[in-house]
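Beneath this line is the structure, given in structure tokens, with notes to follow.
The values are calculated or read from the model by the stated rules, or taken from the named source; none is laboratory data. As the structure is a computational prediction, the values presented were derived from the model and not from experiment. In this analysis, Cβ positions are derived from the backbone assuming ideal geometry, glycine residues included, and neighbour counts consider all displayed protein chains.
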Amino acid sequence: MTLPDSPTPAVAHVATETIHLLLVEDEPTDAAFTRAMLEQVHDAVVTTHWAKTASEGIEELESGRYDVALVDYMLGADNGLDLIRLARQRELDTPLILLTGKGSREVDLEAQQAGAADYLVKGQIDPAGLERSLRYTLERQRSLEALRESEARFRGLFDHLPMGLFRCTADGGFLDANPALVQLLGNPDAILLQERFAASFYVHPSDVERFRAALDGDGVVRGFESWLERDDGFHVPVRTTARAYNDESGRVSYVEGAVESVPGTVDPERLRIGASRFRATLERLPVAIAVLDSEGHVLDAAPALSRVARRRAADLVTSPLDSFLLLDQPGRFEAALDTLRSGAVASLRLEGKLTGPKRAPLPCTVTLAPVLDDESELTEVVALFTPPGP
């Protein structure tokens, strides 16, 4: 006995849709009986393909051309539940309805756990019940697909908007952050950001309390201005808008919001402190440091470097580093600058010798650290010279 693949028009009705159905059944008689009931589906054309084994059923499901499948519980030596589990493991989206010769609560639970959309008991199925199961399953599938499409569109906006977006727990632990926020905060990636709390980025602790008070009062914060400290130590002015979402008990479940930088804002006190700190490090500490431009010319040199190099600081300024540092390989310094520009490393160590008039070359280790702007472009290089001890 064979069951040819053929469309079965709804009886005495004008079909409004086509349902592509896969029937996985090893018994020809049962397959014919199910097909006869499918002929009575209203308002649709049901095209049925009969797969006689579990392996043939999986192969057909992988084609992706079916709207729904009816899978028998017993498939010879195979089990319909195992077929459903395998289909879900392979992330096949076709909804699967289990057909079983004997209904029980255990089979119902097994079917749900395996990922079946529904289950029907042979001998208890009538055409109306089969059609109802098909309609319910297809409608739920359409709803799930619409939800996935909506989530995909939201995720696309979330990931590509040039504004920092976040979702946090009630106590400020990061649940999600888009790439724009990760970049704004100077974090390597969103996963590492989840190890931090939002409050830890505020420069001024009082801002944390002000933000929480505003959120607790109205559940919404609009245009909250503050300063955040990036992972590289730089402070950035930002404006935050956020909303708290409550659970059924009225407690805050999570907080969503947006963070945008405030361009053109300068913190004079921060600049003053930063400049004083840099000048103290450069001039007063016994550390041989030079600041280079992106091409490797000296912009500033510490007195300690001038003493080690036996050159006046004024003579070092504007000089290329490799004019007084002899490296072991030609072109080594240019290659090091290219590596720093790429952003691939946080620092580089070079071995060389400091040269000068009327002196023997002095072995020296130079550590180069890049200084990057907000666009991650190399602007300056800090060079630390470590000569051998006396």
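When segment 308-337 is filtered for residues that are more than 12 Å from Leu368 (Cβ to Cβ) and without any contact (Cβ under 8 Å) to a residue 12 or more places away in the chain, the ones remaining, listed by number, are Arg312, Ala314, Asp315, Ser323, Gln329, Pro330, Gly331. Somewhere in segment 126-136, is a residue farther than 27 Å from Val41 by Cα and not in a helix (DSSP H, G or I)? No: segment 126-136 contains no residue that is farther than 27 Å from Val41 by Cα and not in a helix (DSSP H, G or I).
Within segment 232-252, none of the residues are more than 24 Å from the chain's Cα centre (by Cα), surrounded by 15 or more Cβ atoms within 10 Å (Cβ to Cβ), polar (S, T, N, Q) and part of a strand (DSSP E or B).
When you check Ala313 against the structure, is it at pLDDT 80 or above and either in contact with a Gly (Cβ under 8 Å, 6 or more places away or on another chain) or not polar (S, T, N, Q) (or both), yes or no?
Details: at pLDDT 80 or above: no; either in contact with a Gly (Cβ under 8 Å, 6 or more places away or on another chain) or not polar (S, T, N, Q) (or both): yes.
When the stated conditions are applied, Ala313 does not pass them.
In segment 77-106, the residues that are part of a helix (DSSP H, G or I) form Cβ pairs under 8 Å with partners that are polar (S, T, N, Q), at six or more places apart or across chains, as follows: Gly80/Thr100; Ala87/Thr94. Assess whether Val46 counts as being part of a strand (DSSP E or B), buried (at least 17 other Cβ atoms within 10 Å of the Cβ), assigned by TED's automatic domain parsing to the domain that holds Asp108 and out of contact with any His (no Cβ under 9 Å at 6 or more places or on another chain). For Val46, the condition - part of a strand (DSSP E or B), buried (at least 17 other Cβ atoms within 10 Å of the Cβ), assigned by TED's automatic domain parsing to the domain that holds Asp108 and out of contact with any His (no Cβ under 9 Å at 6 or more places or on another chain) - is not met.
Applying a threshold of 6 Å to beta carbon distances and a minimum spacing of six or more residues, or different chains, the list of pairs starting in segment 194-213 at a residue that is over 18 Å from Gly233 (Cβ atoms) and ending at one that is in a helix (DSSP H, G or I) reads Val208/Ala199. Scanning segment 89-120 for residues that are over 19 Å from Ser133 (Cβ atoms) and surrounded by 13 or more Cβ atoms within 10 Å (Cβ to Cβ) yields a count of 1.
Would you point out which residue out of Leu147, Leu120 is of a type in the set (A, V, I, L, M) and out of contact with any strand residue (DSSP E or B) (no Cβ under 6 Å at 6 or more places or on another chain)? Result: Leu147 is the single residue among Leu147, Leu120 that is of a type in the set (A, V, I, L, M) and out of contact with any strand residue (DSSP E or B) (no Cβ under 6 Å at 6 or more places or on another chain). Has segment 362-378 got any residue that is of a type in the set (S, T, N, Q) and more than 17 Å from Ile289 (Cα to Cα)? For segment 362-378, residues of a type in the set (S, T, N, Q) and more than 17 Å from Ile289 (Cα to Cα): present. Among the residues making up segment 171-182, a single one is surrounded by fewer than 16 Cβ atoms within 10 Å (Cβ to Cβ) and in contact (Cβ under 8 Å) with a residue 60 or more places away in the chain: Leu175. Ala36 fulfils the conditions (1) farther than 22 Å from Gly115 by Cα; (2) surrounded by fewer than 22 Cβ atoms within 10 Å (Cβ to Cβ); (3) in contact with a strand residue (DSSP E or B) (Cβ under 8 Å, 6 or more places away or on another chain) except for a single criterion, (3). Of a type in the set (Asp, Glu), crowded, with 16+ Cβ neighbours inside 10 Å, at negative phi and over 22 Å from the mean Cα position of the chain (by Cα): is that true of Asp207 in this structure? Here the answer is yes, as Asp207 does meet what is asked.
Could you please let me know if Thr281 is modelled with pLDDT under 85, surrounded by 16 or more Cβ atoms within 10 Å (Cβ to Cβ) and of a type in the set (S, T, N, Q)?
Details: modelled with pLDDT under 85: yes; surrounded by 16 or more Cβ atoms within 10 Å (Cβ to Cβ): no; of a type in the set (S, T, N, Q): yes.
Here the answer is no, as Thr281 does not meet what is asked.
Yes/no per residue for (1) more than 26 Å from Gly186 (Cα to Cα); (2) exposed (fewer than 14 other Cβ atoms within 10 Å of the Cβ):
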residue: Leu292; (1), (2): no, no
residue: Val298; (1), (2): yes, no
residue: Ala309; (1), (2): yes, no
residue: Asp328; (1), (2): yes, yes
residue: Phe333; (1), (2): yes, no
residue: Leu340; (1), (2): no, no
residue: Leu348; (1), (2): no, no
residue: Val371; (1), (2): no, no
